[in-house]
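Colleague: The following block contains the structure, expressed as structure tokens.
Just so it is clear, none of the values below were taken in a lab; they were calculated from the coordinates. Note that the coordinates shown come from a computational prediction; the quantities given were computed from them, not determined experimentally. Every residue, glycine among them, receives a Cβ derived from its backbone with ideal geometry; neighbour counts consider all protein chains shown.
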Amino acid sequence: MLRLCFLCFPFWLSAQFALQANLLQLVNDPQLKGTKWSVCAIDLTTGDTLAAYDAAQQLPAASVVKLVSTAAALNILGPEHRAQTQLILKGQMKDHGVWDGSLHLIGGGDVSLGSRYFNETGKELEFIDEWVAQLQSKGITCINGAIIADGNTFGTFSCPLGWQPLDMGNYYGCGAFGLNFYDNTLKLNFQTGANGAPITLKSIFPIENDYQLTIQATSASVSSDQTFVHGVPFNYQRTIKGKLPANRSAFEVKASMPDPEKLLAELVYQRLQASGIRVDGGFQTVRTNPTLYNKVYPASEIILTQQGKTLQELVYWTNQRSVNLFAEGNLLQIGARRYGAGTYENSLVVLDSLLLAWGVGPCRIVDGCGLSKENRMSASQFVQVLKTQTNTTYFESYYKSIPVAGQTGTVKNLCKGQPGEGKVHAKSGSIEGIKAYAGYVDSKSGHQIAFTIIANDYPTSGSVMAKKMEPFLNSLATYQVQP
């Protein structure tokens, strides 16, 4: 009787049954006991749910959240949107090239300025030379006021809910400000000794004279950077803990800038002085001196408008290399567009309304990159976001930004040499205790699949969990529907 039932079973339903069975084998793996799951996969051609497990359970999904924030930015701003940075001269020219006034650096939230993703190594800060040349071309020999960094349109940076000092002192937790440059990163160059010996800080680039680093990290028999820099924005007292490879004459660790706006003003000040343009008033920021804020600048005072990279370029690197800074910058741009101020409060209101319009339902997203463990979305909700994007005018830009398993980005080692290679287009998400993938699969049937798989609190390493997820991802790639 059971055999007869199977023979009468529609082939397409049999294929779905095989996918579900494969998924159940994963979630019931005895080595993964206690893991929390949320999994969903749908056929975008038919709308059928192919596999699901606790699909409505809302869990943090780490960097998979970038698929939400990049979609929102593309929707609100369009792929060709560019953030701007402006140079403003307030005052008037006096005799002998003396500018009686100040130079204002007005930030529009551009996260591509001086970024390593768009500049050759060693040339990231050449934009400052271009700014200096612009002032020289006007015959200015002296500025008797100050260099003023103004990122006020984006408010004073406040950490998203759930961000930790353990993360914020590192390059990946730098945050997005009104004025950003050089990926808001400081490169710390260390010399290490024998196993167990303390490490020595040799240099910082860009030079940040106020940076105070307490060194608690040691040299060890490790092959990679295993340190964390602890710190919070605007606090220059930082602590590095952990281990660096022993017996290295030079080893680079990337940390976050405590205050990118202030450091940029200082570097511009220094470069002007070195070029022969004296600046009598030093450098300041609107954050520390709000009386310097000007809400409106006449067009006649704008001497340079620097265009950032297009949003589609930023979205590409956001998802390919999981760049947290870009994700936060993308999110803050939508608040700036809708409400004139790129704050988290404004931006998350826009995001929530957009998710409602997409039919996602109640959820909780508190940042753009997924660094916060306070984020809560279910697999079915992520899949709904993915499904909705396929009907947009910007879908090509969105789709091309998602890494390809076994080939590109953060999933270049996933499903390598397996059926999923080249077929699974997935954004990965990894934080301690969280492993997730979401995106699209080009199945053997010719139908495209939208999927999300989230695992929390698993009792193994992230690399082991990724390997355990591969068979399910491969089964999506080999899914085939017959008429």
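Colleague: What Kirkwood radius, in Å to one decimal, follows from the Cα pairs of the stretch 41-171? Before the final figure, lay out each step's value.
Modeller: Numbers: mean 1/r = 0.0505 Å⁻¹.
Computed over the stretch 41-171, the radius equals 19.8 Å.
Colleague: Sequence gap at least 6, Cα distance under 8 Å: using those rules, report the relative contact order of the chain to the nearest whole percent.
Modeller: Values: 1140 pairs, mean separation 112.5, N = 483.
Once divided by the residue count of the chain, the mean separation gives 23 percent.
Colleague: Helix 11-27 against the longest principal axis of the chain: what's the angle in degrees, Cα atoms only, rounded to the nearest 10?
Modeller: Taking Cα atoms only, the helix is inclined about 60 degrees.
Colleague: For the chain, find the longest principal axis of its Cα atoms and tell me its angle to the long axis of helix 462-477, 0 to 90°, nearest 10.
Modeller: 60
Colleague: Tell me, what is the FRET efficiency for Ser203 and Ala21 to the nearest 0.05, using R0 = 41 angstrom and their Cβ-Cβ distance as r? Show your work: numbers first, answer last.
Modeller: Details: r = 57 Å, r/R0 = 1.39.
Here the calculated transfer efficiency is 0.10.
Colleague: Under the 0.36 nm per residue contour assumption, what length would be gained going from the current alpha-carbon distance of Asp352 and Thr460 to full extension?
Modeller: Fully extending the segment from Asp352 to Thr460 adds 35.5 nm.
Colleague: Rounding to the nearest 20 debye, state how big the charge dipole of the stretch 82-310 is about its Cα centre with +1 on each Lys and Arg Cβ and -1 on each Asp and Glu Cβ.
Modeller: 360
Colleague: Among the aspartates and glutamates, select those whose C-alpha is under 18 Å from the C-alpha of Lys241, and discard any that sit fewer than 8 residues away in the same chain.
Modeller: Here the aspartates and glutamates satisfying the reach criterion relative to Lys241 are Asp167, Asp225, Glu252, Glu432.
Colleague: About the Cα centre of the stretch 177-241, how large is the charge dipole given +1 on each Lys and Arg Cβ and -1 on each Asp and Glu Cβ? Please answer in debye to the nearest 20.
Modeller: Rounded to the nearest 20 debye, it is 140 debye.
Colleague: At a Cα cut-off below 29 Å, give the lysines reachable from Lys36, other chains included and same-chain residues fewer than 8 away excluded.
Modeller: Lys66, Lys373, Lys387, Lys412, Lys416, Lys423, Lys427, Lys435, Lys467, Lys468
Colleague: Next question. Taking amide H positions as placed 1.01 Å from N in the peptide plane, with prolines and chain starts having none, which residues 5 or more places from Val481, or on another chain, fall under 5 Å of its amide H?
Modeller: Ser445
Colleague: Right, something else. Using θ = phi - 60° and the Karplus curve 6.51 cos²θ - 1.76 cosθ + 1.60, what whole-Hz ³J(HN,Hα) does each residue of the stretch 426-442 get, with Gly and Pro shown as x?
Modeller: 9, 8, 8, x, 9, 9, 3, x, 10, 9, 8, 9, 8, x, 10, 10, 8
Colleague: Quick one: compute the contact order of the stretch 82-310, relative version, from alpha carbon pairs under 8 angstrom and 6+ residues apart, as a percent.
Modeller: Relative contact order of the stretch 82-310: 28 percent.
Colleague: Another question, then. If I fit a long axis through the Cα atoms of helix 126-136 and take the longest principal axis of the Cα atoms of the chain, what angle between them do I get, 0 to 90°, rounded to 10?
Modeller: Computed tilt is about 30 degrees.
Colleague: Based on the alpha-carbon gyration tensor of the stretch 306-404 and its eigenvalue square roots a ≥ b ≥ c, which shape applies: rounded if a/c is under 1.5, prolate if not and a/b is larger than b/c, or oblate? Don't skip to the answer; put the middle values down first.
Modeller: Numbers: a/c = 1.38, a/b = 1.07, b/c = 1.28.
It comes out rounded by the Cα gyration axes.
Colleague: For the stretch 29-48 and the stretch 235-280, what is the separation of their C-alpha centers, rounded to whole Å?
Modeller: 45
Colleague: Can you give me the distance in nm between label points at Val296 and Thr393, each placed 7 Å from the Cα along the Cα-to-Cβ direction?
Modeller: Between Val296 and Thr393, the label points sit 3.1 nm apart.
Colleague: Another question, then. Residues of the stretch 331-354 with the amide nitrogen closer than 16 Å to a label point 7 Å from the Cα of Thr305, along Cα-to-Cβ, please.
Modeller: Within reach of a label on Thr305: 337.
Colleague: Give me the lysines in straight-line cross-link reach of Lys138: C-alpha distance below 20 Å, same-chain residues under 8 apart excluded.
Modeller: Those lysines meeting the cut-off are Lys90, Lys94.
Colleague: Something else now. Please list the radius of gyration and Dmax for the stretch 82-310, considering alpha-carbon atoms only, with Å as the unit.
Modeller: 19.2, 64
Colleague: At q = 0.08, 0.20 Å⁻¹, what base-10 log of I(q)/I(0) does the Debye formula yield for the stretch 329-483 when every alpha carbon is treated as an equal point scatterer in vacuo?
Modeller: -0.26, -1.36
Colleague: Work the Kirkwood hydrodynamic radius out for the chain: mean of 1/r over every pair of different alpha-carbon atoms, inverted, in Å. All intermediate terms of the calculation are to be shown ahead of the outcome.
Modeller: Numbers: mean 1/r = 0.0412 Å⁻¹.
So the Kirkwood estimate lands at 24.3 Å.
Colleague: Now for a different question. Considering the options Ala197, Gly173, Leu272, tell which one lies farthest towards the positive end of the dipole of the stretch 82-310, charges being +1 on Lys and Arg and -1 on Asp and Glu at the Cβ, about the Cα centre.
Modeller: Sorting the options by dipole projection puts first Ala197.
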